[in-house]
Amino acid sequence: MEWAFTTGPPRFSGYCNAYTGGSPAGTLASSTSYTSIPLDSELFDSAGGHNNTTNPDRYVVMVPGTYHVTASGGFSANATGNRSVRIGVNGGAAIPSGQIATAGMSGNTWYGNVSALVALNAGDYLSVQMWQNSGTALALSTGATGGPSLFALWVSP
């Protein structure tokens, strides 16, 4: 099958500009359970797979194929415990090499970034998922530079 796109291949880039979840608002509780982060802002969404209102934590694949996917996110400075970010597929476990977990940092914001090639079917969905286990709720970094973000680019059938 030959693929032809009049506006280029499907591509998506979204980020969390203002995280309102957590208690207090804007924080992620201490846990080793992943939380899917809502993406309330888009840089582009050529296939219409993301909705800022309905399931804003998901990018739904509209065209099957292999995608280059990147997920990233950051937490406020705290040296206790670990932080993790991963690429979630269909709300579940990350794909191999699609996650990172490292120790927190004193005096510096922790920032993680993962990237992978992922084979996806139409209707599958991607998310950026994060956790931290510092023992207290930590603020998420937000905004176009440093906030949780998800990027997906179709590369082949």
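Rule-based calculations on the coordinates, nothing more; no lab input. These numbers were taken from a predicted model, which means no experiment stands behind them. Ideal geometry is used to build each Cβ from the backbone, glycine not excepted, and the neighbour counts take in all protein chains shown.
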Next on the checklist: Which condition from (1) touching a residue at least 12 places away in the same chain (Cβ under 8 Å); (2) closer than 29 Å to Thr66 by Cβ is the one that Met105 breaks?
Outcome noted: (2)
Item to check | strands (runs of 3 or more DSSP E) completely within the stretch 1-105 that count 1 or more residues being crowded, with 16+ Cβ neighbours inside 10 Å, over 13 Å from the mean Cα position of the chain (by Cα) and of a type in the set (Ser, Thr, Tyr) | outcome: 65-75
Next on the checklist: Condition first: of a type outside the set (A, V, I, L, M, F, W, C), in a strand (DSSP E or B) and surrounded by fewer than 18 Cβ atoms within 10 Å (Cβ to Cβ). Now tell me which residues in the stretch 110-157 satisfy that.
Outcome noted: Tyr111, Asn113, Ser115, Ser156
